[in-house]
Amino acid sequence: MGIKTKAAVAIVVLLVFLGSMWLQGSLENHWHSCLNGFSQEHKPIITMLNDTDNESDINNVPLGECPGQDFQVSQLLSHLQSSPVSSSDVLLPPYLSSWDELIKFMDALGPMVSLISQEIEGKTSIIRELAQEDAERTQEKEVREGEEHLHAETDEGRDRNSEVFQVKPGPQNSNTEPMKMKGNGIIGRQGRGFPDLSESYLSIRSMIRLELSRGMVDFKEQTNSGCRTLLRLHRALLWLQLFLKKLGEGPVDGRRLQSPSELCRDAYQQTLAHHHSWLVRRAAELAFIAMPDRGFFFRLVCVQNQEEAASVLNRVVRAIGVVYQRTQAALEENDMLNLP
């Protein structure tokens, strides 16, 4: 094994080791004093990133299926546009489905970036598991309450019969056996087509209310609460939003178009880097070096040139902006923007 091969293997091992810490920021709990290269009080940008193009032009761009690949920009846009609900909330099922498509997007960028997507996928799984557990608890509670109510009605009827006919009730008829609920007991009440989620995890704000009421959110220690996990996804979403915006921009003042690797690094430095230790930041930048060229991204979103890419990507950027701002407001109102 040559020196270059050994160096490449070492880099891969380092990236695998640090990949699990991508959204955690856990290294800073151990090496904060020696590895942080700048003050963590420096706040990342927060912007809608949607003031650069004509909205009517963007919304008229038809998006179809891209054959031969997992990532579908049309599906991503559809999920993002389905996420906002009421005036300030975000539905969790389409929000998580948006992340499913973004994970496919990152997986397509090569094995180095897919290490990051694996960590993000783990975060979405945490929220889904919490939602499923709560749905199961809700169903069990409704079954139990239904059985208790049925037993109460049976006892009440037995007492009435005893008083009228002055006879002791016979054995319980098979027709009076407790009914068992079929399927998920919350489907009818939800009425939203998300049978695997309880009402408490139907939206970002309902999840926040539930976890605060149950004491699941710790403002001092790390926990696997849905709120803490959401914050990590929220930060990563800003990074991807800024990266996609930069990809859609043309050259400035006659300068050359920057490579996707450079754009992704710049977007990272403006967003997620503020939450990572020095070591994680260096590992992330190594991963970005292996990013494919601009032509690959054209094929990934089914366009032929930079102008078409701008139309498609800016439309996605706008949709992300709506979801991001609503999530930002919900977390900020509950002092959750700095959960450990």
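A few notes on this one:
- Considering segment 75-101, the residues that are touching a Leu at 6+ places or on another chain (Cβ under 6 Å) and hydroxyl-bearing (S, T, Y) include one that is nearest to Y324 (Cα to Cα), namely S83.
- Within the option set R232, R209, R192, R228, being within 27 Å of P84 (Cα to Cα), open to solvent by 40 Å² or more (accessible area, probe 1.4 Å) and modelled with pLDDT of 95 or more holds for one residue only, R209.
- Selection of segment 268-283 for residues being in contact (Cβ under 8 Å) with a residue 60 or more places away in the chain and more than 16 Å from L238 (Cα to Cα) yields S277, W278, L279, V280, R281, A283.
- Applying the set (1) surrounded by 13 or more Cβ atoms within 10 Å (Cβ to Cβ); (2) modelled with pLDDT under 60 to K180 leaves exactly one unmet item: (1).
- When the residues of segment 240-252 are filtered to those that are of a type outside the set (G, A, S) and surrounded by fewer than 21 Cβ atoms within 10 Å (Cβ to Cβ), the one that is nearest to Y201 (Cα to Cα) is K246.
- Residue count for segment 293-323 under the criterion of being open to solvent by 30 Å² or more (accessible area, probe 1.4 Å) and outside any helix (DSSP H, G or I): the result is 4.
- Segment 70-124: number of residues that are open to solvent by 50 Å² or more (accessible area, probe 1.4 Å), among the polar types (S, T, N, Q) and either touching a residue at least 40 places away in the same chain (Cβ under 8 Å) or out of contact with any strand residue (DSSP E or B) (no Cβ under 9 Å at 6 or more places or on another chain) (or both): 5
- Residue satisfying condition, being more than 23 Å from R205 (Cα to Cα), open to solvent by 10 Å² or more (accessible area, probe 1.4 Å) and in a loop (DSSP other than H, G, I, E, B), within set R282, R265, R255: R255
- Across segment 51-69, the qualifying residues are those that are among the polar types (S, T, N, Q) and modelled with pLDDT under 85, and the one among them that is surrounded by the fewest Cβ atoms within 10 Å (Cβ to Cβ) is S56.
The values are calculated or read from the model by the stated rules, or taken from the named source; none is laboratory data. Treat the numbers as computed from the prediction; the structure is a model and nothing was measured. Quick reminder, even Gly has a Cβ in these numbers, built from the backbone with ideal geometry, and neighbours come from all protein chains shown. Ligands, DNA and RNA are excluded from the accessible area calculation, which covers all protein heavy atoms including side chains. Shrake-Rupley method; radii C 1.70, N 1.55, O 1.52, S 1.80 Å.
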